[in-house]
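Q: I'd like to ask some things about the structure below.
The values are calculated or read from the model by the stated rules, or taken from the named source; none is laboratory data. The structure presented is a predicted model; accordingly, all values stated were derived computationally and were not measured. Backbone-built Cβ (ideal geometry, glycine too); neighbour counts: all protein chains shown.
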Amino acid sequence: MNLFQKYETDAALERDGVEVTIEGAVFQLRRAGGGNRRFAYAFGRAADRYRATVEEINAPGKSIDDPEHAERVLDLDERCTQEAFAEAVVTGWRNVDGRDGAPLEFSQAAFLDLVRSCPDVWAKIRTAATSVETFRKDGHALGKF
């Protein structure tokens, strides 16, 4: 089996982004990882904003076996990931309407509102931005989500 054919990605696409269509809305996405090093730095900056919460979560005596504690850890990770996407992965959109039906101008704040209000949209964006299929060198699956 030729793994290069199946898994090799285009670093320029990962870094510069591709258009992905979800329900008629078009998102410009860089890869969350791979050749997009901005993502790792953006995640670190997001985690820094929550340093006090991270320290509290990781305090001695806290156990991931405690369901409430585990939920806080997952919520914080999700929040940091969304903020990193807003900063370093999603660079724009077209055909996205606001709650009132009017076209919604892209901004990091608008993106965060969208994905926090519409978890299924968030799941599709996250899947597209992390999938090797989206950024394959041969372009086989670009934008098909």
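Q: Give me the pairs: first residue in region 85-99 and touching a residue at least 24 places away in the same chain (Cβ under 8 Å), second residue of a type in the set (Lys, Arg), beta-carbon distance under 6 Å, and six or more apart or on different chains, which are they?
A: Sorted first by the residue in region 85-99, then by its partner, the pairs are ALA88/ARG38; VAL89/ARG30.
Q: Return the pair list, or none, for Cβ contacts closer than 7 Å from residues in region 26-50 that are among the polar types (S, T, N, Q) and in a helix (DSSP H, G or I) to residues that are modelled with pLDDT of 90 or more and crowded, with 19+ Cβ neighbours inside 10 Å, at least 6 apart or on different chains.
A: That search, which allows pairs on different chains as well, returns nothing.
Q: Also: Tally time: how many residues in region 13-39 are more than 18 Å from LEU112 (Cα to Cα) and of a type in the set (A, V, I, L, M)?
A: Count: 2.
Q: Select from region 1-20 the residues that are under 14 Å from ASP138 (Cα atoms) and part of a loop (DSSP other than H, G, I, E, B) and write down the one among them that is modelled with the highest pLDDT.
A: ASP10
Q: What do you reckon, is GLU78 out of contact with any strand residue (DSSP E or B) (no Cβ under 6 Å at 6 or more places or on another chain), among the acidic types (Asp, Glu) and modelled with pLDDT of 85 or more?
A: Criteria met by GLU78.
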